[in-house]
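Working notes, beginning with the structure itself.
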Amino acid sequence: MSNTQDRIPLKARKVSFSWDDTPLHWVPGDPFTTHTINVLHLLLPAGERWFVHVYKQVLPYIRDERLREDVIGFIGQEAMHSQAHDEVLPHLREQGLDPTPYTAQVDWLFEKLLGDRTLPPGRARRWWLMERVAIIAAIEHYTAFLGDWVLGAEELDRRGADPTMLDLLRWHGAEEVEHRSVAFDLFMHVDGDYRRRVRTWATAFAALVFLWQRGARFFMENDPTLVDGRATFKDFYVRGRRGTLPATGDMLRSIPRYLSRTYHPSQEGSTAQAVAYLAASPAALAAEKGAA
Ligand SMILES: [Fe+2]
Ligand SMILES: [Fe+2]
């Protein structure tokens, strides 16, 4: 179960962003960093919609009231994340970067490949549901990792990254840190099988690496301002050293942590840091004002 001191009621903040003043290369002079982070806008709308879709089906299996509340809060937050990232896409399109060829594939992946499949009620259907719950727990290990990273990524500020984009990333990142235990607690509650955790981690990790490098390459190749846009692992590694993207070593070290039998997401990231950001985030503050 989640760490009691860290537990806070989860609420969706109804944020909105205006992208009018955000330049195409919102990390000035660094299209590679810009587009590597932009991949989030390609994956998250369909991915987080899929989380919500799966979690609605798992609600009847939850026999713990507190966990149920957490899952409902989680669903509200992820639905808002999905929408917020989706709203960046028209802005990219206006700047000559049409993401449709890529998002069409991502939609197929989440809706068809990872969708409900026509299974009779019973064991097979339950197996497939538990498999997806475990995949979500593995993905949430990475969303929490990235959230924690972006909250502390001061190099982006130093390089003059667009404040609106940073606020989107950090509002989202902070909520990822805030709810980082929910998916894992849910998986442990309804199943928790260790072999399943390892197997689905491998699937999720391979898929994320594959989709991410393809997405970065897609943006670099289709960026209308770049003549010979490429994305290589070396580009990624160098940005990691510089601090504008996560460091490769930190990412590798997070793998055995998730696979450890004593893993719990409460050991990762800082709720205090996330809450502090949300208390100062322009978008979160505007959302609060709107709600009041
Ligand atoms: Fe999210
Ligand atoms: Fe999340």
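The values are calculated or read from the model by the stated rules, or taken from the named source; none is laboratory data. Nothing here was measured: the structure is a model prediction, and the numbers come from that model. Backbone-built Cβ (ideal geometry, glycine too); neighbour counts: all protein chains shown.
Output the qualifying pairs, or none if there are none: Cβ atoms under 6 angstrom, residues six or more apart or on different chains, first residue in segment 199-223 and free of Cβ contacts under 8 Å to residues at least 40 places away in the same chain, second residue buried (at least 16 other Cβ atoms within 10 Å of the Cβ).
Arg217/Ala231; Glu221/Gly229
Considering only segment 114-132, state which residues are more than 19 Å from the chain's Cα centre (by Cα) and among the hydrophobic types (A, V, I, L, M, F, W, C).
Leu119, Ala124, Trp127, Trp128, Leu129, Met130
Only one of Val190, Val198 is surrounded by fewer than 17 Cβ atoms within 10 Å (Cβ to Cβ), under 30 Å from Ile62 (Cα atoms) and more than 16 Å from ligand 1 (Cβ to nearest atom). Can you tell me which?
Result of the check over Val190, Val198: Val198.
Can you spot a residue in segment 159-176 that is farther than 27 Å from Arg214 by Cβ, within 16 Å of ligand 1 (Cβ to nearest atom) and surrounded by 23 or more Cβ atoms within 10 Å (Cβ to Cβ)?
yes
For (1) at pLDDT 95 or above; (2) within 17 Å of His179 (Cα to Cα), each residue gets a yes or a no:
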site	(1), (2)
Asp30	yes, no
His35	yes, no
Leu44	yes, yes
Met80	yes, yes
Gln83	yes, no
Leu113	no, no
Asp116	no, no
Arg125	no, no
Glu131	yes, no
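Between Val209, Val198, Val190, which is among the β-branched types (Val, Ile, Thr), under 14 Å from Pro246 (Cβ atoms) and away from ligand 2 (no atom under 16 Å from the Cβ)?
After applying the criteria, what remains is Val209.
For segment 214-222, indicate whether the set of residues that are over 21 Å from Leu156 (Cβ atoms) and among the small types (Gly, Ala, Ser) is non-empty.
Looking through segment 214-222, none of the residues is over 21 Å from Leu156 (Cβ atoms) and among the small types (Gly, Ala, Ser).
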